[in-house]
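Visitor: Here it is, the structure, as structure tokens.
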Amino acid sequence: MSVLQYSSMKTEEVFKELKISQKGLSQTEIIQRQKKYGRNEVEAQQIHWWEILLRQFSSSFIYLLIGAMVLNFFLWQLLDGSMILLFVIINTVLGFYQEYRSEQSLKILKKYIVHESRVKRNGKEEIVDSRFLVPGDIITVESGDIIPADIRFFQEHNLMVDESILTGEAAPIKKTIANMEEEAKEIYQASNMGFSGTTVVGGVGEGVVIATGKNMVIGELVNLTVETARESSFEKGIKKLSSFILRLILVTLLFVFLANMFIKGDSTNKMELVIFSIALAVSVIPEALPIVTTFSLSHGALKLAKNKVVVKRLSAIEDLGSIEVLCTDKTGTLTENELAVSNIYSKDHQKTFLYAALAFSILERKLKKLTNAFDLAIIQKISSADKKTADLYKRISEIPFDPERRRNSVLIFREGRYQLVIRGAYERIVPFSINVNGEEKKEIADWAAEEGRRGHRVIAVARKEISNESGYAVSEEESNLEFIGLISFVDPIKKSTKAAVDKAKKLGVDVKILTGDSIEVAGAVGYQIGLTDSPEKVITGEKLEKMSFREQREAVKEYAIFARISPRQKYNIIQLLQEEKEVGFLGEGINDAPALKIANVGLVVQGAADVSREAADIVLMKKSLEVIIDGIKEGRSTFINTIKYIKITLASNFGNFYAVAVASLIIDFLPMLPLQILLVNLLSDFPMVTIATDNIDEKELVRPKSYDIKEIALVATILGVVSSVFDFMVFSLFYKISPGVLQTNWFMASILTELVFLFSLRTKMVFFKAKRPSGPMLFLSLLAVVITIAIPFTKFGQDVFRFVRPSNDHLFLILSIVAVYFLVTESVKLIYYHYIKHE
């Protein structure tokens with residue numbers, strides 16, 4: 001049966017269902033139940049290290065690189081082949097390391113199962129290893145304990161439990177033993193139950209274990225977290241791109257080979273044609289893409305590290321750039337996760353704080369540690385003088401807070417006088433106060449209602465003279481009280497939150513709150529930080545679940561604030577959003593771990609639960625959301641530079657590829673030798689690598705980025721055609737002279753046009769209005785130009801690569817073609833982005 005079903009059962013019904021008595025289980029029963037239920041450990045399907053390693057080779061792009069590496073070694077291009085091998089090794093090692101660490105989440109979750117528990121067995125209390133707890137065990141918990149299993153309480157004294165790690169509720173929850181009239185639907189409703197991983201912050205309680213291991217609430221979080229497989233936006237984009245390039249190359253090469261065989265017939269040198277085709281294929285593959293992205297991602301990671309942002313998965317930086325929706329938990333991320341006094345309604349503030357402090361739990365004072373969030377907030381506000389005054393009172397007895405009475409009371413004594421101090425909901429105190437008239441009651445109710453609308457929690461404080469200690473009873477709280485004042489509490493919003501949300505909006509990122517806290521608190525926070533125009537525009541997890549699938553899709557788009565959301569519901573909301581958007585999630589507690597794992601990018605703040613840090617991609621060491629915006633900008637910069645490389649290399653490579661392939665059908669010799677083609681590839685790739693360091697125009701950072709294969713293919717095709725036209729121009733000028741002259745001049749023209757193409761396509765603006773290229777790009781481009789022009793003049797170039805010495809006229813002609821090519825490329829680029837792409 002469901003764990004939450006026990007919430008509506010009476011204590012005797014729970015004992016009957018579990019077949020136990022107040023004495024606890026016998027040794028025989030314990031052994032039987034351990035065989036049936038297993039150990040009290042969180043378990044989930046684990047992935048072996050070798051499976052993670054093999055997964056690194058499941059990408060089409062890796063297949064391309066490995067193919068290019070084999071071909072290079074086949075052609076004795078050992079430098080190129082070795083470089084590609086190095087790229088493959090680097091990416092495999094990084095990918096394996098990142099995924100392996102992510103799969104360690106289960107080990108972290110196990111830390112929330114405490115090692116030992118106080119258990120009653122065979123009528124005796126004993127200390128037991130928590131791994132051996134079974135349903136039916138009777139355990140005792142007290143202040144400071146982490147609850148070791150899901151339990152149903154049947155005894156308690158002022159028991160308060162912090163469940164924020166599961167629910168997001170900042171304030172501790174008062175636990176009771178009474179059965180609920182209706183079965184709890186969510187964790188936060190189960191006031192008579194304790195859940196594994198939550199912390200007792202006050203009082204003592206005794207309960208019966210109702211679920212252990214995978215059947216606990218935390219067990220569901222384990223399954224969602226550990227068994228969720230995520231493919232990043234970066235990985236999906238690269239996979240699509242790789243498949244596109246692979247198909248295009250194979251189809252074109254097959255056509256070129258068959259066309260040559262058909263046109264030239266028996267005169268074709270088949271071995272030479274095969275080698276030529278292989279060299280052509282290698283020339284098209286953007287084998288420097290891994291090193292470009294690695295440099296770019298590492299560059300971004302170093303920048304973020306200066307702002308104390310730890311990037312655990314390098315590709316997450318690029319994924320940040322594609323975020324369209326940023327979902328965030330409220331507690332600890334948008335707010336401070338600690339209550340503070342907000343306002344006070346009283347004629348005497350000092351007196352109100354003094355009596356609120358006198359109502360502290362006697363048990364907590366004896367233990368000399370305050371764990372109640374309201375008490376901690378009060379102690380921050382009370383003056384030193386009042387603290388000394390409070391210590392002069394002797395605390396005699398107390399009646400703890402009760403959800404039905406909604407108040408607690410403490411009997412105090414000083415100088416022969418007994419006083420009863422009552423603290424709780426104003427509706428249960430003000431009506432019994434004799435010093436408040438009808439008009440004042442309305443004013444108090446209005447004040448409390450307004451504070452409630454602002455998401456603040458309100459408590460009332462009153463006192464009463466008691467004739468003697470024996471006269472103290474619950475009935476004394478319900479007559480002749482002296483109302484002292486009201487205090488409202490708030491979980492303060494972090495100073496940086498609103499500014500960060502505003503910046504996110506400017507970057508085209510929608511922010512949504514997903515929290516387990518109440519409607520009023522979530523709505524107030526959302527309204528204050530500008531996510532909604534009304535604090536009432538909030539939807540609960542319960543309401544969302546009652547909707548049809550189509551209605552849920554619309555709701556996750558329409559609403560920015562989701563309250564009383566369970567971990568499973570957070571997970572489902574992100575899944576729904578991911579149908580159309582790239583989603584980032586910012587969280588902190590254990591309850592956020594599944595959402596962090598499934599989101600395209602998982603982010604946590606400093607101080608987050610260990611399991612959440614492990615499931616996340618990025619850890620914010622500074623408690624400021626502004627660093628997320630820096631991360632998004634950095635991610636977009638990385639993405640833009642990666643896309644630049646892909647567009648430039650594909651357009652220029654394919655332009656040259658098609659021109660050389662077609663030229664091979666027209667003439668009876670190779671338009672460029674295989675070694676020359678590979679040298680073109682090598683020299684042009686050196687400057688290409690420096691794209692990772694290039695500067696970005698601010699206009700390109702204002703919208704989320706994603707891989708658009710159609711757009712990449714269109715740009716590569718349009719500009720590839722332009723490149724092919726100029727290649728044929730070079731071909732037509734030199735092919736009649738001699739094979740050596742054509743091959744040499746085409747070699748130089750290919751590299752020089754590709755280099756100027758780099759400086760044209762690095763920006764969508766007119767080149768002279770764009771930001772200045774980076775220093776490394778300028779330096780390596782200049783170096784490539786010098787080598788390209790110089791090598792045909794050297795004996796080494798002439799002997800090894802079979803170049804011929806260019807004439808001055810030919811060199812001038814090539815440089816003129818390159819200049820015209822640059823102007824034409826600039827014109828086509830501007831026409832495309834202005835009239836076709838509309839940017």
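Visitor: Determine, yes or no, whether T167 is surrounded by 24 or more Cβ atoms within 10 Å (Cβ to Cβ), at pLDDT below 80 and not assigned by TED's automatic domain parsing to the domain that holds A377.
Guide: Criteria met by T167.
Visitor: Same structure, new question: Based on this model, can you work out whether P792 counts as closer than 21 Å to P687 by Cα and surrounded by 16 or more Cβ atoms within 10 Å (Cβ to Cβ)?
Guide: Yes: the conditions hold for P792.
Visitor: Restricting attention to helices (runs of 4 or more DSSP H) lying wholly within the stretch 769-839, give those where 2 or more residues are within 15 Å of Q676 (Cβ to Cβ).
Guide: Passing ranges, in order: 775-790, 795-800.
Visitor: Using beta carbons and a limit of 7 Å, which pairs, at least six apart or on different chains, have the first residue in the stretch 803-824 and farther than 13 Å from M748 by Cα and the second one crowded, with 19+ Cβ neighbours inside 10 Å?
Guide: If the second residue must be crowded, with 19+ Cβ neighbours inside 10 Å, the pairs left are Y821/F726; Y821/T753; Y821/V756; F822/V756; F822/S760; V824/V722.
Visitor: Quick one: what pairs do we get from the stretch 708-733, first residue farther than 19 Å from V824 by Cα, second among the aromatic types (F, W, Y), C-beta under 6 Å, 6+ apart or different chains?
Guide: Filtered contacts from the stretch 708-733: I709/F244.
Visitor: List the strands (runs of 3 or more DSSP E) inside the stretch 433-549, counting only whole elements, that have at least 2 residues being more than 27 Å from the chain's Cα centre (by Cα) and surrounded by 16 or more Cβ atoms within 10 Å (Cβ to Cβ).
Guide: Answer list for the stretch 433-549: 457-466, 482-490.
To keep it simple, each residue is scored yes or no on (1) under 14 Å from the mean Cα position of the chain (by Cα); (2) surrounded by fewer than 24 Cβ atoms within 10 Å (Cβ to Cβ).
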site: A560; (1), (2): no, yes
site: A563; (1), (2): no, no
site: Q575; (1), (2): yes, yes
site: Q578; (1), (2): yes, yes
site: G584; (1), (2): yes, no
site: P594; (1), (2): yes, no
site: L603; (1), (2): yes, no
site: Q606; (1), (2): yes, yes
site: S612; (1), (2): yes, no
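Visitor: Evaluate the following for T352: is it at pLDDT 80 or above and β-branched (V, I, T)?
Guide: Considered against the rule, which asks whether it is at pLDDT 80 or above and β-branched (V, I, T), T352 comes out as yes.
Visitor: Which pairs have Cβ atoms under 7 Å, sit 6 or more apart or on different chains, and link a residue in the stretch 634-649 that is in contact (Cβ under 8 Å) with a residue 12 or more places away in the chain to one that is part of a helix (DSSP H, G or I) and aromatic (F, W, Y)?
Guide: These pairs meet every condition: I648/F757.
Visitor: Among the residues of the stretch 727-738, is there at least one that is β-branched (V, I, T) and either over 30 Å from E634 (Cα atoms) or modelled with pLDDT of 90 or more (or both)?
Guide: Taking every residue of the stretch 727-738 in turn, at least one turns out to be β-branched (V, I, T) and either over 30 Å from E634 (Cα atoms) or modelled with pLDDT of 90 or more (or both).
Visitor: Now, a different point. Does the stretch 404-432 hold any residues that are part of a strand (DSSP E or B), among the basic types (K, R) and closer than 29 Å to A178 by Cα, and which are they?
Guide: R407, R423
Visitor: Could you list, in sequence order, the residues of the stretch 796-826 that are farther than 22 Å from S732 by Cβ and either within 44 Å of the chain's Cα centre (by Cα) or crowded, with 18+ Cβ neighbours inside 10 Å (or both)?
Guide: G797, F801, E826
Visitor: Return the only residue of K705, K764, K710, K699 being outside any helix (DSSP H, G or I) and modelled with pLDDT under 85.
Guide: Selected residue: K705, the only one of K705, K764, K710, K699 that is outside any helix (DSSP H, G or I) and modelled with pLDDT under 85.
Visitor: Can you list the helices (runs of 4 or more DSSP H) found entirely within the stretch 1-79 that contain at least 2 residues being within 30 Å of V680 (Cβ to Cβ) and at pLDDT below 90?
Guide: Output list reads 60-74.
Visitor: Just a yes or no: is a residue in the stretch 571-589 in contact (Cβ under 8 Å) with a residue 40 or more places away in the chain, among the polar types (S, T, N, Q) and in contact with a helix residue (DSSP H, G or I) (Cβ under 8 Å, 6 or more places away or on another chain)?
Guide: Within the stretch 571-589, not a single residue is in contact (Cβ under 8 Å) with a residue 40 or more places away in the chain, among the polar types (S, T, N, Q) and in contact with a helix residue (DSSP H, G or I) (Cβ under 8 Å, 6 or more places away or on another chain).
Visitor: Somewhere in the stretch 537-544, is a residue in contact (Cβ under 8 Å) with a residue 24 or more places away in the chain and under 30 Å from I379 (Cβ atoms)?
Guide: Among the residues of the stretch 537-544, not one is in contact (Cβ under 8 Å) with a residue 24 or more places away in the chain and under 30 Å from I379 (Cβ atoms), which makes the answer no.
The values are calculated or read from the model by the stated rules, or taken from the named source; none is laboratory data. Worth saying up front: this structure is predicted, and the values here are computed from it rather than measured. FYI the Cβ positions are ideal-geometry reconstructions off the backbone, even for glycines, and counts take in every protein chain you see.
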